[in-house]
Amino acid sequence: MLFTPLKVRDVVFRNRIVVSPMCQYSSEGGFLTDWHMVHLGTRAVGGAGAVIAEATAVEERGRISPNDLGIWSDEHVVALERMTAFIDSQGAVPGIQLSHAGRKASTARPWDGGVPLDERHGGWRPVMAPSSIAFDKSYPLPKELTLQDIDDLIEAFADAAERARQAGFRLLELHAAQGYLLHEFLSSVTNRRTDRYGGDFENRIRIVLEVTEAIRIRWPQRLPLFVRISTVDWIENGGWSIEESEELARQLKSRGVDLIVCSSGGLLPNLRIPTMRAGYQVSFAEYVRHHSGILTCAIGGITSAEQAETILESGQADMVAIGRELLNDPYWPIHAAGALREKIDLPVQYAREID
Ligand SMILES: Cc1cc2nc3c(=O)[nH]c(=O)nc-3n(C[C@H](O)[C@H](O)[C@H](O)COP(=O)(O)O)c2cc1C
């Protein structure tokens with residue numbers, strides 16, 4: 001099952017293993033670097049079905065850090081093109097995650113402390129959010145997006161999708177999870193707006209639907225569109241719920257979304273999320289798949305071939321994304337094929353006898 005190809009629209013994934021998008025904080029001015037070529041390229045060589053580039057900013061102020069990957073200008077396309085061509089040449093589907101960091105923008109990269117950065121230290125102001133509520137005391141107070149800002153933002157996502165197509169990506173993942181801008185609209189904890197983008201459920205999901213519709217016009221019908229959501233907020237007595245995820249997934253499906261990547265959390269600091277527990281979010285992928293009738297990708301604490309196989313065999317999800325374990329072992333798919341006694345094609349350079 002893990003090695004059963006999956007066709008979504010006109011794209012065939014050679015197996016169900018997805019390299020989860022992981023920020024590398026290794027760009028300058030949003031440009032792809034040699035680090036990305038090696039990091040993503042190695043995982044394509046390693047046998048994954050899809051390799052998804054990290055959260056990529058659709059506008060400059062939507063970066064998490066000054067070193068995020070970006071796609072807010074046409075100039076970013078050329079370097080990305082080189083990478084998609086390589087991933088393709090290795091038989092993996094090149095994907096990109098389009099993102100806006102919202103109120104969690106303008107921070108130092110993790111190994112520089114991950115703290116909010118002011119303008120004197122390479123940060124920027126204002127940071128933008130649905131409502132003017134800071135992530136925590138140390139973060140800047142965000143500026144509430146105006147209706148014009150929202151229109152511009154939707155356009156920025158659509159332009160980014162167009163550039164992604166030009167760069168040769170064949171899979172697009174919209175980032176509406178983990179406390180970043182689109183998630184901030186979804187959850188009533190961070191969205192206190194009183195206009196058509198806040199308040200009841202239909203208003204809170206409006207921007208995600210509008211971004212999706214705008215992307216779908218510019219992103220070819222033959223290519224798959226995934227959306228990553230935080231299926232639950234892990235906030236007691238409030239926040240976004242799994243039932244809301246179910247209904248959002250249904251509405252996204254009717255607008256041309258093919259698959260929901262089922263993440264969770266990220267909206268508030270210091271949430272207690274069992275990130276070290278095996279498969280800690282898998283039941284959410286199962287719930288959304290069964291109740292919304294859409295394909296899902298499970299993510300979180302998936303580390304062994306047998307575990308991944310069971311998730312797929314038992315119908316909990318249609319794909320599995322892997323993050324940290326693929327940092328430990330870029331050849332995880334090759335090793336998983338060995339464990340499951342499945343055949344996998346090695347790159348020709350590696351598939352030879354000793355001279
Ligand atoms: C170094 C690192 C960077 C990450 N960056 C992103 C990102 O850019 N976009 C995203 O949606 N999730 C990001 N994540 C979350 C992962 O994609 C994944 O959802 C999470 O690590 C859980 O999966 P795992 O248990 O297999 O690692 C990141 C995780 C790590 C470890």
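The values are calculated or read from the model by the stated rules, or taken from the named source; none is laboratory data. Everything quoted here is computed from the prediction, not taken from an experiment. Note: ideal-geometry Cβ built from the backbone for every residue, glycine included; neighbour counts use all protein chains shown. What goes into the accessible areas is simple: the full protein's heavy atoms, side chains included, and nothing from ligands, DNA or RNA. Shrake-Rupley method; radii C 1.70, N 1.55, O 1.52, S 1.80 Å.
Amide H to amide H, which residues 5 or more places from R193 or on other chains are under 5 Å from it, using H placed in the peptide plane?
HN-HN under 5 Å from R193: G199.
Around L223, with a cut-off of 9 angstrom between Cβ atoms, what is the net charge of the other residues, counting Lys and Arg +1 and Asp and Glu -1?
+3
Kindly report, to the nearest 10 Å², the accessible surface of H121 as traced by a 1.4 Å probe over protein heavy atoms only.
110
Using θ = phi - 60° and the Karplus relation 6.51 cos²θ - 1.76 cosθ + 1.60, list the HN-Hα couplings for the range 33-38 in order, rounded to whole Hz, with x at every Gly or Pro.
For the range 33-38, the Karplus curve yields 10, 4, 4, 5, 4, 6 Hz.
Once you charge only the Cβ atoms, +1 for Lys and Arg and -1 for Asp and Glu, what is the size of the charge dipole of the chain about its Cα centre, to the nearest 20 debye?
Here the size comes out at about 240 debye.
Looking only at the chain, where both bridge partners belong to it, what percent of the DSSP beta bridges are antiparallel (to the nearest 5)?
10
Distance from a point 7 Å along Cα→Cβ of E342 to each backbone N in the range 1-26: keep the residues under 11 Å and list them by number.
Counting only backbone N, you get 1-6, 14-18.
Can you compute the FRET efficiency between R255 and Q148 using 1/(1 + (r/R0)^6), with r the Cβ-Cβ distance and R0 = 35 Å? Round to the nearest 0.05.
Calculated value: 0.90.
What is the sum of charges around Q97, taking Lys and Arg as +1, Asp and Glu as -1, for the other residues whose C-beta is under 9 Å from the C-beta of Q97?
Working: positive: R228; negative: E54, E173.
Net charge in that neighbourhood comes out at -1.
How large is ³J(HN,Hα), in whole Hz, for each residue of the range 102-115 in order, when computed from phi with the Karplus curve 6.51 cos²θ - 1.76 cosθ + 1.60 and θ = phi - 60°, using x for Gly and Pro?
Ordered by residue, 3J(HN,Hα) equals x, 6, 9, 7, 6, 10, 6, 5, x, 7, 9, x, x, 7 Hz.
Heavy-atom accessible area of Y350 with all protein chains present, probe 1.4 Å, nearest 10 Å²?
Accessible area of Y350: about 120 Å².
Can you give me the pair-distance distribution of the range 205-355, C-alpha pairs, 10 Å bins, whole percents?
10, 33, 32, 18, 5, 1, 0
Once phi is turned into θ = phi - 60°, what whole-Hz ³J(HN,Hα) does the Karplus curve with 6.51, -1.76 and 1.60 give for every residue of the range 94-100, x standing for Gly and Pro?
Using θ = phi - 60°, the values come out as x, x, 9, 9, 8, 8, 9 Hz.
Starting from the Cα-Cα distance between W124 and Q349, subtract it from 0.36 nm times their residue separation and give me the gain in nm to one decimal.
Length gained between W124 and Q349: 76.4 nm.
Which sequence of E173, E313, E60 reflects their accessible areas, 1.4 Å probe, from the largest down?
On the way: E173 5, E313 115, E60 95 Å².
Largest accessible area first, the list is E313, E60, E173.
Below 8 Å between Cα atoms, with a sequence gap of 6+, how large is the relative contact order for the range 6-339 in percent?
Over the range 6-339, the number comes to 16 percent.
Using only the Cα atoms of the range 6-339, what are the Rg and Dmax in Å?
Cα radius of gyration and Dmax of the range 6-339 are 18.3, 55 Å respectively.
Go ahead and estimate [θ] at 222 nm for the chain from helices alone: -39,500 (n - 2.57) per DSSP H run with n ≥ 4, summed, over the residue count, rounded to 500.
Helix-only estimate at 222 nm: -10000 deg cm²/dmol.
Compute the Kirkwood hydrodynamic radius of the range 76-218, taking the inverse of the mean of 1/r over all pairs of distinct Cα atoms, and give it in Å to one decimal.
For the range 76-218, inverting the mean 1/r across all distinct Cα pairs yields 16.4 Å.
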